[in-house]
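Quick notes on the structure that follows.
The values are calculated or read from the model by the stated rules, or taken from the named source; none is laboratory data. Here the structure is a predicted model, which is why all the values come from computation and not from measurement. FYI the Cβ positions are ideal-geometry reconstructions off the backbone, even for glycines, and counts take in every protein chain you see. All accessible areas refer to the heavy atoms of the entire protein, side chains included, with ligands and DNA or RNA removed. Shrake-Rupley method; radii C 1.70, N 1.55, O 1.52, S 1.80 Å.
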Amino acid sequence: MTTTELDIINALAEEGNMRKAAERLFLSQPALSQRLQSIEKEWGTMLFIRSQRGLEPTPAGELVIAYAKETIQKKEEAFAMIASMADKVHGTLKIACASIVGQTWLPQVLKDYVQLYPGAKISLMTGWSSEIVKALYEGEAHVGIVRGQVDWNSRKTYLFRDRLYLVDREITSIEELKDTDRPFVQFKSDSNYHMEIQRWWQRHFNQNPGRQITVDQIETCKQLALNGIGYAILPSITLTGDEQVNKMPLLNSEEEFELTRDTWLIGYESSFSLKQVDAFAQIVQRHAQRLQKDYNY
């Protein structure tokens with residue numbers, strides 16, 4: 001199969017629709033249909049079943065799709081290695097990033113990156129820090145941005161520290177949590193973050209929150225708190241300072257923050273030898289230094 005044929009199989013598999021795949025490949029539907037027939041003739045079997053719901057791969061089609069994706073990935077990796085030998089930054093930068101950072105801080109980093117290096121492509125996945133580490137292990141990403149205490153034996157660069165705040169429309173002090181009947185709004189997170197919150201709560205209070213609301217995204221959690229549904233514990237990276245709520249730092253004393261959350265850039269040393277990865281790491285660290293300066297630490 002030629003590179004173009006691989007792209008056709010990949011586009012049909014990802015879109016599941018002849019029209020959408022044709023638009024993506026800048027082909028007419030009749031032309032794409034004819035190309036698919038030629039490819040199926042070459043393989044000697046039908047690769048997709050056409051139905052009202054779109055295109056569904058046959059068992060043989062699934063094998064060919066896997067072959068196409070693997071071949072395309074290897075080609076991209078080869079281009080990336082070749083580009084790393086040149087002066088200009090090219091190739092695909094594969095980032096795996098903790099969701100909170102991806103929603104708040106990373107967009108400004110990527111804005112600078114694409115302006116400085118328009119020849120580079122970006123592939124971004126977000127998730128929990130445990131998922132980021134897995135993506136690096138499995139070669140799905142060049143670099144990861146993770147939160148909290150993460151075991152990593154290769155390059156690990158400290159970026160910044162989040163301070164955590166109790167956020168609520170009505171509560172004005174931490175002490176009020178002992179007697180309040182307002183619900184504690186929490187977002188689903190990796191186990192380390194959840195355990196840190198639990199340990200902090202147990203150090204201060206004899207019993208668990210009476211009422212709890214759990215949501216799947218931190219932005220949903222934030223909006224519930226901003227709209228007075230209940231109180232939440234949120235990292236400073238998610239707060240702009242313009243929110244119409246009470247924000248109470250979680251302190252050991254009047255000056256020392258008790259509950260914080262560190263953010264790290266991690267990856268294998270070999271990945272940082274790629275120019276597109278090294279360029280990204282430099283921009284990330286510049287932005288992190290600005291944030292550290294803004295937070296005064």
What list of whole percents do you get for P(r) of the range 160-214, with Cα-Cα distances grouped in 5 Å bins up to the one holding the largest distance?
4, 15, 27, 32, 16, 6, 1
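As an exercise, use a Förster radius of 41 Å and the Cβ-Cβ distance of Gln149 and Asp179 to find the FRET efficiency, rounded to the nearest 0.05.
So, using R0 = 41 Å, E works out to roughly 0.80.
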On the accessible surface of the range 61-187, probed at 1.4 Å, how many percent belong to carbon and sulfur atoms?
51 percent
Under 5 Å from the placed amide H of Val143, counting only residues 5+ away or on other chains, we find Lys94, Ala96
Note down the nm distance, to one decimal, between modelled labels 7 Å out along Cα→Cβ at Gln202 and at Gln223.
3.4 nm
Of the residues Glu170, Glu219, Glu14, which exhibits the maximal mean-square fluctuation in a Gaussian network model of the chain defined by a 10 Å Cα contact cut-off?
Glu14
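With a cap of 14 neighbouring Cβ atoms within 10 Å, and only residues DSSP puts in a loop, list the chymotrypsin sites (Phe, Trp or Tyr not before Pro) found in the range 54-142.
Of the chymotrypsin sites (Phe, Trp or Tyr not before Pro), not one in the loops of the range 54-142 has a Cβ with at most 14 other Cβ atoms within 10 Å.
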Neighbour cut-off at most 11 other Cβ (10 Å), DSSP loop, chymotrypsin sites (Phe, Trp or Tyr not before Pro), the range 1-64
Phe26
At 1.4 Å probe size, with every protein chain present, just tell me what the per residue accessible area of the chain comes to in Å².
55 Å²
For Lys121, give me every one of the lysines with a C-alpha distance below 21 angstrom, ignoring sequence neighbours fewer than eight places off in its own chain.
Lys69, Lys74, Lys75, Lys88, Lys94, Lys111, Lys275
Excluding residues on the same chain fewer than 8 positions from Lys222, give the lysines whose Cα lies under 18 Å from its Cα.
Lys188, Lys247
Which of Gln202, Gln37, Gln285 moves the most in a Gaussian network model of the chain with Cα springs under 10 Å?
Gln37
Determine the gain in length on full extension of the stretch Glu138-Lys69; use 0.36 nm per residue of separation and subtract their C-alpha separation, reporting nm with one decimal.
23.3 nm
Restricting attention to the range 1-56, which trypsin sites (Lys or Arg not before Pro) occupy a DSSP loop and are surrounded by at most 13 other Cβ atoms within 10 Å?
Arg53
Only Cα pairs within less than 10 Å get springs; with that Gaussian network setup on the chain, which residue of Asp151, Asp112, Asp162 has the largest fluctuation?
Asp151
Enter the Cα centre distance for the pair the range 153-176 and the range 119-136, rounded to the nearest angstrom.
23 Å
Would you grab the residues whose amide H sits under 5 Å from the one on Phe160? Only those 5+ places off in sequence or on another chain, please, with H modelled 1.01 Å from N.
Thr263
